[in-house]
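Chemist: Once you've had a glance at the structure underneath, I'll fire off some questions.
The values are calculated or read from the model by the stated rules, or taken from the named source; none is laboratory data. Remember, predicted model here, so these are calculated numbers, not experimental data. Neighbour counts run over all protein chains shown; Cβ positions are idealised from the backbone, glycine included.
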Amino acid sequence: RLRKLRKKEAKQRWDDRHWSQKKLDEMTDRDWRIFREDYSITTKGGKIPNPIRSWKDSSLPPHILEVIDKCGYKEPTPIQRQAIPIGLQNRDIIGVAETGSGKTAAFLIPLLVWITTLPTQPWAAPTNPPHVPQIVIATPGRLIDVLENRYLVLSRCTYVVLDEADRMIDMGFEPDVQKILEHMPVTNQKPDTDEAEDPEKMLANFESGKHKYRQVGG
């Protein structure tokens, strides 16, 4: 068995085929590095999962893949290739990419997977009565208003997206964002942020020793 393992490792080490000519289970660390280079994907963080080669090769549920196909998404964009696997692991991420690069789908797809699979768990049914909203979309000021008036509570919120986070900070909404996060359970105060340009301000405000974010550029 050890001999076979060494033979397999040696074969992978000297396999000069391009990653596109290999099956998913044949991909080596070197192949994944080349894959990221080919799609201009850069990452910072620890234990980052491998990106998506294609929708077919992804671990997305069939019903999600069916919706993606109906939307006409033939191939994932660079930001989607790397951000979706991280989001599916329920990990924090700061995504940096140009406008129109597919960031919205990059955070919506893991969110939809979470919402559609959670009710299948027996212990989750009591926590999801039909009158409770599954997704809330709001501007910072309006969300603070409904929180302060107790029209909405975030005690069970498990997924937060700060879309155009850099612009919100530039426009002076940082105190509002911090106030919203304070309404969440302590263990869930980890936003999934998407920025169109410079990530430095968000890194300065949200990255610390307590919360480790995975940065993805594509």
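Chemist: Please tell me if G95 is surrounded by 11 or more Cβ atoms within 10 Å (Cβ to Cβ), modelled with pLDDT of 90 or more, within 20 Å of the chain's Cα centre (by Cα) and farther than 19 Å from W55 by Cα.
Modeler: Judged against the criteria, G95 is a match.
Chemist: It is to be established whether one or more residues within region 112-132 are under 24 Å from T77 (Cα atoms), modelled with pLDDT of 90 or more and outside any loop (DSSP other than H, G, I, E, B).
Modeler: Yes; the residues of region 112-132 include at least one that is under 24 Å from T77 (Cα atoms), modelled with pLDDT of 90 or more and outside any loop (DSSP other than H, G, I, E, B).
A quick yes/no check of all residues on (1) loosely packed, with under 12 Cβ neighbours inside 10 Å; (2) within 25 Å of A165 (Cα to Cα); (3) modelled with pLDDT of 90 or more; (4) out of contact with any Leu (no Cβ under 8 Å at 6 or more places or on another chain):
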| position | (1), (2), (3), (4) |
| --- | --- |
| L2 | yes, no, no, yes |
| D25 | yes, no, yes, yes |
| E37 | yes, no, yes, yes |
| I64 | no, no, yes, no |
| P76 | no, yes, yes, yes |
| Q82 | no, yes, yes, yes |
| P110 | no, yes, yes, no |
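Chemist: Working only within region 42-53, note down all residues that are within 13 Å of P78 (Cβ to Cβ) and part of a loop (DSSP other than H, G, I, E, B).
Modeler: Answer for region 42-53, where residues must be within 13 Å of P78 (Cβ to Cβ) and part of a loop (DSSP other than H, G, I, E, B): P51, I52, R53.
Chemist: In addition: Identify the single condition in (1) at pLDDT 90 or above; (2) touching a strand residue (DSSP E or B) at 6+ places or on another chain (Cβ under 8 Å) that P191 does not satisfy, given that it satisfies every other one.
Modeler: (1)
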